[in-house]
Amino acid sequence: MDPIITRTSTVFALSLCVACIPPAFADPDDNALVIEGVEITTDVAAPADSPFSRLYSGWRFRSPETQALQTDDFDNPAFAAVELGAELWETVDGTEGKSCASCHNEAEESMKGLRASTPKWSEAAGKPQTVQNFVNSCRTERMGADAWKWESGNMLAMTSFIGLQSRGMPVAVKTDGPMETWWQKGKDLYYTRVGQLDLACANCHETNYGMRIRSDHLSQGQINGFPTYRLKWGGLGSIHRRFKGCMDQVRAEPYKRGSDEFLALELYVASRGAGLSVESPAVRN
């Protein structure tokens, strides 16, 4: 039998099975996320142009056991990486004999708000930049050090440490000016069906959020908690790792981490969560 016909038939049969099984629905819970005595905003009214009436953090869709891990920094498994990030911040590296602290001093002050506002426009790069981009530009252009890979342990540690400095601050990315075309590109990607399963991001995280598919509880796909420790991964991962995973699941050819496509998609998805608190580093299933 023709392998293409076999593959197509399998996908069609899978789609029929999914359509025939009524998915269970479960609203986000009413639990409050409080970390170190600070209440984190996990539920806000959606803006007028949002497809939602309210915005919910992915934390509100997780099991009580998973939620509990994030309420205490001692129990949060991502904090081993945060501690490494704090060490790397002070570590001299590269030909210029500098560390991050050499230029930026205390991260608690200089990095406060960065995670909440990225991706943000960079005149030097001529496009939006993520926290990873800013870290690597400092390393290569100011420290004379090698760039870190997107998903390397050092990069995840540093972006978790930097993200922590914005914890509790509302997500507030800019989408006007030169960012507008990138935001529109990200929106187009969000609503474009891809892969053998012919699904878009919106099919799960907008049309069907709250549904239970197998053991998972579909959230709105908010990204305010990244870098995130996922129990499924057994470690930390970036936003782009999650994007790639979704594309893999719908049998699509994923874009590369750090690509312009994922950069635009990150900008658009971040804008959909405006007002939710930064939770970095979060814990998810």
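Scanning the stretch 71-81 for residues that are touching a residue at least 40 places away in the same chain (Cβ under 8 Å), surrounded by 17 or more Cβ atoms within 10 Å (Cβ to Cβ) and more than 16 Å from the chain's Cα centre (by Cα) gives 76, 79, 81.
What number of residues within the stretch 149-187 are in a loop (DSSP other than H, G, I, E, B) and not hydrophobic (A, V, I, L, M, F, W, C)?
Counting residues in the stretch 149-187 that are in a loop (DSSP other than H, G, I, E, B) and not hydrophobic (A, V, I, L, M, F, W, C) gives 12.
So which residues in the stretch 35-64 are among the aromatic types (Phe, Trp, Tyr) and either part of a strand (DSSP E or B) or not assigned by TED's automatic domain parsing to the domain that holds residue 229 (or both)?
The initial filter retains those residues of the stretch 35-64 that are among the aromatic types (Phe, Trp, Tyr), namely 52, 56, 59, 61.
Correct list: 56 only.
Taken over the stretch 118-132, residues that are surrounded by fewer than 17 Cβ atoms within 10 Å (Cβ to Cβ) and of a type in the set (Ser, Thr, Tyr) amount to 1. Listed conditions (1) outside the structural domain of residue 244 (by TED's automatic domain parsing); (2) in contact (Cβ under 8 Å) with a residue 12 or more places away in the chain; (3) touching a helix residue (DSSP H, G or I) at 6+ places or on another chain (Cβ under 9 Å); (4) polar (S, T, N, Q) are all met by residue 67, apart from (1).
Report, by residue number, each residue of the stretch 232-263 that is assigned to a loop (DSSP other than H, G, I, E, B), more than 15 Å from residue 81 (Cβ to Cβ) and modelled with pLDDT of 95 or more. Within the stretch 232-263, 250, 251, 252, 253, 254, 255, 256, 257, 258, 259 qualify.
Check whether at least one residue in the stretch 102-109 is surrounded by 18 or more Cβ atoms within 10 Å (Cβ to Cβ), modelled with pLDDT of 95 or more and not in a helix (DSSP H, G or I), and report yes or no.
As a first pass, look at the stretch 102-109 and keep what is surrounded by 18 or more Cβ atoms within 10 Å (Cβ to Cβ): 107.
Keeping just the survivors that are modelled with pLDDT of 95 or more gives 107.
Now narrow it down to the ones that are not in a helix (DSSP H, G or I): none.
No: zero hits.
Taken over the stretch 65-82, the criterion of being out of contact with any Leu (no Cβ under 8 Å at 6 or more places or on another chain) and assigned to a helix (DSSP H, G or I) is satisfied by 65, 68, 69, 79, 80.
Considering only residues that are part of a loop (DSSP other than H, G, I, E, B) and of a type in the set (Asp, Glu), which ones fall in the stretch 188-231?
Scanning the stretch 188-231 gives 198, 206.
Screening residue 170 against (1) more than 24 Å from residue 254 (Cβ to Cβ); (2) surrounded by fewer than 15 Cβ atoms within 10 Å (Cβ to Cβ) leaves a single unmet condition, (2). When the stretch 83-100 is limited to residues that are in a helix (DSSP H, G or I) and in contact with a Ser or Thr (Cβ under 9 Å, 6 or more places away or on another chain), the one that is farthest from residue 134 (Cα to Cα) turns out to be 84. Residues in the stretch 193-212 that are under 19 Å from the mean Cα position of the chain (by Cα) and without any contact (Cβ under 8 Å) to a residue 12 or more places away in the chain: 200, 203.
The number of residues in the stretch 15-39 that are at pLDDT below 90, surrounded by 12 or more Cβ atoms within 10 Å (Cβ to Cβ) and of a type in the set (Val, Ile, Thr) comes to 0. Residue 42 satisfies every condition listed in (1) more than 26 Å from residue 229 (Cβ to Cβ); (2) modelled with pLDDT of 95 or more except (1).
The values are calculated or read from the model by the stated rules, or taken from the named source; none is laboratory data. As the structure is a computational prediction, the values presented were derived from the model and not from experiment. Backbone-built Cβ (ideal geometry, glycine too); neighbour counts: all protein chains shown.
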